[in-house]
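The values are calculated or read from the model by the stated rules, or taken from the named source; none is laboratory data. Given the structure is predicted, the values throughout are model-derived calculations rather than measurements. Virtual Cβ from ideal backbone geometry, glycine too; neighbours counted across all protein chains shown. Heads up: the accessible areas ignore ligands, DNA and RNA and are worked out on the full protein's heavy atoms, side chains in. Shrake-Rupley method; radii C 1.70, N 1.55, O 1.52, S 1.80 Å.
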Amino acid sequence: MVEGWYGQPFGKPLAEQIMIDNLDDMTGEAVAFLCEQLLEAGAVDVWQTTATFKKGRVGVIVHALAPLD
């Protein structure tokens, strides 16, 4: 559990967790659909970061901020 971020005092845990996944085998449309589904499932926020993986593969890193429960 991460503590001390987003202006929260140390010792008071956050109520969210960040989930991260590297994707190099999905179309842009599929990644957009995934992000929509994560938001509908209760994620507080979802964002993407483009990346280059091994062997020069272009991909995306999907981050989701979700409640702990």
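Please verify whether region 1-13 includes one or more residues that are at pLDDT 90 or above and assigned to a loop (DSSP other than H, G, I, E, B). Spell out how you get there, then give the answer.
Filtering region 1-13 down to residues at pLDDT 90 or above leaves none.
No, region 1-13 contains no residue that is at pLDDT 90 or above and assigned to a loop (DSSP other than H, G, I, E, B).
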Report task. Identify the single condition in (1) of a type in the set (A, V, I, L, M, F, W, C); (2) part of a strand (DSSP E or B); (3) modelled with pLDDT of 95 or more; (4) open to solvent by 90 Å² or more (accessible area, probe 1.4 Å) that residue 20 does not satisfy, given that it satisfies every other one. Result -> (3)
Query - Pairs where the first residue, in region 34-51, is under 16 Å from residue 67 (Cα atoms) and modelled with pLDDT of 95 or more and the second is of a type outside the set (Gly, Ala, Ser) and assigned to a helix (DSSP H, G or I), C-beta under 9 Å, 6+ apart - result: 46/34; 46/35; 46/36; 46/38; 46/39; 47/35
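Select from region 43-69 the residues that are assigned to a loop (DSSP other than H, G, I, E, B) and open to solvent by less than 40 Å² (accessible area, probe 1.4 Å) and list them in ascending order. Give the steps one after another, and end with the answer.
At the first step, the residues of region 43-69 found to be assigned to a loop (DSSP other than H, G, I, E, B) are 43-44, 53, 57, 68-69.
The answer is 43, and nothing else.
Just the residues that are in a loop (DSSP other than H, G, I, E, B) and open to solvent by 60 Å² or more (accessible area, probe 1.4 Å), please, taken from region 33-42.
41
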Query raised in the report: Can residue 30 be described as open to solvent by less than 100 Å² (accessible area, probe 1.4 Å), more than 19 Å from residue 16 (Cα to Cα) and part of a strand (DSSP E or B)?
Result: no
